1. Could you tell me how many of the residues in region 133-175 are among the hydrophobic types (A, V, I, L, M, F, W, C) and over 22 Å from residue 264 (Cα atoms)?
2. So which pairs qualify, if the first residue must be in region 344-366 and not assigned by TED's automatic domain parsing to the domain that holds residue 8, the second must be crowded, with 19+ Cβ neighbours inside 10 Å and part of a helix (DSSP H, G or I), the Cβ gap must be under 9 Å, and the two must be at least 6 apart or on different chains?
3. So residue 234 clears everything in (1) over 13 Å from residue 151 (Cβ atoms); (2) touching a residue at least 40 places away in the same chain (Cβ under 8 Å) except one condition, right? Which one?
4. Can you confirm whether region 170-178 contains a residue that is closer than 27 Å to residue 245 by Cβ, free of Cβ contacts under 8 Å to residues at least 60 places away in the same chain and either touching a Gly at 6+ places or on another chain (Cβ under 8 Å) or assigned by TED's automatic domain parsing to the domain that holds residue 246 (or both)?
5. Please determine, by comparing only the residues of region 153-185 that are hydrophobic (A, V, I, L, M, F, W, C) and assigned to a loop (DSSP other than H, G, I, E, B), which one is surrounded by the fewest Cβ atoms within 10 Å (Cβ to Cβ).
6. With on the phi < 0 side of the Ramachandran plot and more than 19 Å from the chain's Cα centre (by Cα) as the only criterion, which of 41, 27 stands out?
7. Quick one: how many residues across region 301-321 are over 16 Å from residue 9 (Cβ atoms), modelled with pLDDT of 95 or more and outside any helix (DSSP H, G or I)?
Amino acid sequence: MKIVIAPQAFKGSLSALNVANAVQKGVRRIFPDAQILTCPVADGGDGTLETLVESSGGKIIETNVADPTGKPIVAQWGAMGDGNTAVIEMARTSGLALLTLEERDPLNATTYGLGEIIVSALNKGFRKFIVGIGGSATNDAGAGMAQALGIKLMDREGRNLVFGGAALQNLSVIDTSSIDQRVLESNFQIACDVNNPLTGPEGASAVYGPQKGATEENVRQLDSALGVFAEVAKRDLGKDISNLEGAGAAGGLGAGMIAFVEGHLRAGVDIVLDTVNLAEKLESADLVITGEGSIDFQTVYNKAPIGVARMAKARGIPTIGISGMLGKNYQIVHNHGIDAALSIANGPISLEESLQNAPSLISEAVEESLRLISVGMKLRN
């Protein structure tokens, strides 16, 4: 019997790798001779960096960068074990969580720190990038990132633009002649799970601007500025980004990634599952065990367990989902490839107890689920 274990992290409790190890213990108790492959996964959002680094034997590197306000901070990026792939979460350099409510200012917030962290990875020889672009504090279409990479953004007088989304209203020229040439040698996979266009009522400014501190007037100003950016990018870079799905992600960073670094926007879970070679691991598998902290109706929206389950289902492989809790309308996952879902709670238990005892609870839940499978294998028609 071949069993593939491919869970996501249990947020606030266990990393994906530790969850996989706990699942493996439960499997061994029932099927000690099974061939087991562990494959920790993520969905491109929070925790993806740690999952890919840990599972590949890589390391986390700290770099001094500018935060969205331009203040210096120490941010982390991941060097995967292949020595060629860098994992970056823009939220760690340019994220909303880095700012207080009073500091939120999408007119002036910059992605310059994201560009600095890309340069750090380039300096260490990395040429393949996985960049998660959720949780941004910015609305500058990646202008700050571009400036950190050597691209000149200038107004009609030939002056370099100041930081921030509002400054794009004055953009007249995009000059890539001084771009860091190593960028041109690199491949950028962009984990993007929204399909908003760059501008308009469903665009970056209108949909996400208010949560970043934008007033109604700010939204109009920022939307207009992104429109100017789209026009100049089309003329100077030959990139028509105005109506592309995902262009409005992260304050227009989706568009910037396409325009400035030839980025490829894809669902985060798809990027991760390709990176960990899940398809190859699923070959000739008899059972898949996946999971996350909570399985509920939201799990079907590009979460890692559903990505795993869909790949398994396409190959006719049954899938079990293990979770810290089964939430509202969790049964919907049965229509998306997870054949059975169960909670690790073995009775009335507090959240604190569940978090503290998660490894043993996971092992026990897996053991009991496989006991049922074992019983089923012994039944006669």
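1. Initially, region 133-175 is screened for residues among the hydrophobic types (A, V, I, L, M, F, W, C), giving 133, 137, 141, 143, 145-146, 148-149, 151, 153-154, 161-163, 166-168, 171, 173-174.
With over 22 Å from residue 264 (Cα atoms) added as a condition, the list becomes 153-154, 161-163, 166-168, 171, 173.
Residues meeting the conditions: 10.
2. none
3. Against the list (1) over 13 Å from residue 151 (Cβ atoms); (2) touching a residue at least 40 places away in the same chain (Cβ under 8 Å), residue 234 comes up short only on (2).
4. No: zero hits.
5. 162
6. Only one candidate passes the filter, namely 27.
7. Here the count works out to 6.
Here's the yes/no breakdown for (1) at pLDDT 95 or above; (2) within 18 Å of residue 365 (Cβ to Cβ); (3) not polar (S, T, N, Q):
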| position | (1), (2), (3) |
| --- | --- |
| 2 | yes, no, yes |
| 5 | yes, yes, yes |
| 10 | no, yes, yes |
| 33 | yes, no, yes |
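The values are calculated or read from the model by the stated rules, or taken from the named source; none is laboratory data. Keep in mind that this is a model prediction, so the values were computed, not measured. Cβ: placed from backbone, ideal geometry, glycine included. Neighbour counts: every protein chain shown.
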